[in-house]
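The values are calculated or read from the model by the stated rules, or taken from the named source; none is laboratory data. Note that this is a predicted model, so its numbers are computed, not measured. Here the Cβ positions follow ideal geometry from the backbone for every residue, glycine too, while neighbour counts run over all protein chains shown.
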Ligand code: SF4
């Protein structure tokens with residue numbers, strides 16, 4: 001089984017509950033959405049077999065991967081996740097909550113979902129919900145709570161040319177935590193503050 005791989009790199013998770021965790025990002029190419037503020041370049045790719053991906057990972061002394069995109073679920077993740085799990089990797093995934101994760105759920109250790117305001121959202125179980133505040137209202141957040149049964153809920157600032165709307169996130173946070181008992185928090189993009197990819 002081969003995959004369209006945009007890049008594979010060692011870094012620290014910058015967002016959400018696993019902030020600071022040493023991980024290898026496997027960024028798969030392509031996405032089923034086209035968010036106007038998207039800051040990820042996921043179009044270029046190299047076709048790689050599962051064995052080639054595994055060999056690439058072994059360059060680093062790290063046993064945790066995060067599969068991201070683009071939207072990773074537009075490719076058949078079964079063979080990749082099964083192989084990584086058998087090789088002993090902790091596997092996280094980042095997805096936009098538009099496509100089922102059921103076929104690979106058994107191999108995933110951490111599921112971070114980032115639904116988008118302009119896209120339909122499915123019903124999911126997840127480790128965390130992390131939404132970018134591109135003008136979100138409390139109704140949006142309450143909708144995500146209803147649809148996604150998550151352990152944690154985060155609001156992320158929108159980053160436009162290095163300017164993050166952190167104050168707006170704080171205001172939204174104050175409002176939602178009056179209406180909701182889920183304990184929403186803010187997730188800053190720590191990797192950007194640290195100047196790492
Ligand atoms: S879903 Fe994510 S990767 Fe896809 S276009 Fe939107 S922000 Fe970019």
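When the residues of segment 117-133 are filtered to those that are within 23 Å of residue 172 (Cα to Cα) and at pLDDT below 95, the one that is surrounded by the most Cβ atoms within 10 Å (Cβ to Cβ) is 121. Considering (1) more than 16 Å from the ligand (Cβ to nearest atom); (2) surrounded by fewer than 16 Cβ atoms within 10 Å (Cβ to Cβ), the lone condition that residue 11 does not fulfil carries the number (2). A single entry from 30, 70 fulfils the requirement of being within 16 Å of the ligand (Cβ to nearest atom), touching a helix residue (DSSP H, G or I) at 6+ places or on another chain (Cβ under 7 Å) and within 16 Å of residue 96 (Cβ to Cβ): 30. Taking the stated definitions as given, is residue 97 out of contact with any helix residue (DSSP H, G or I) (no Cβ under 7 Å at 6 or more places or on another chain) and either over 30 Å from residue 145 (Cα atoms) or within 13 Å of the ligand (Cβ to nearest atom) (or both)? So residue 97 passes the test.
Among the residues of segment 175-197, just one is more than 19 Å from the chain's Cα centre (by Cα) and buried (at least 18 other Cβ atoms within 10 Å of the Cβ), namely 176. Just one of the listed residues (108, 158) is surrounded by fewer than 22 Cβ atoms within 10 Å (Cβ to Cβ) and within 13 Å of the ligand (Cβ to nearest atom), namely 158. Set side by side, the residues 172, 167, 141 differ, and just one is at pLDDT 95 or above and surrounded by fewer than 16 Cβ atoms within 10 Å (Cβ to Cβ), which is 167.
Can you confirm whether residue 63 is under 20 Å from residue 79 (Cβ atoms), within 10 Å of the ligand (Cβ to nearest atom) and either touching a helix residue (DSSP H, G or I) at 6+ places or on another chain (Cβ under 8 Å) or modelled with pLDDT of 95 or more (or both)? Considered against the rule, which asks whether it is under 20 Å from residue 79 (Cβ atoms), within 10 Å of the ligand (Cβ to nearest atom) and either touching a helix residue (DSSP H, G or I) at 6+ places or on another chain (Cβ under 8 Å) or modelled with pLDDT of 95 or more (or both), residue 63 comes out as no. Is it the case, given these coordinates, that residue 30 is surrounded by 15 or more Cβ atoms within 10 Å (Cβ to Cβ) and free of Cβ contacts under 8 Å to residues at least 60 places away in the same chain? When the stated conditions are applied, residue 30 passes them.
Quick one: in segment 14-27, of everything that is within 16 Å of the ligand (Cβ to nearest atom) and part of a loop (DSSP other than H, G, I, E, B), which residue is nearest to residue 59 (Cα to Cα)? Looking at the filtered set, the residue picked out is 14.
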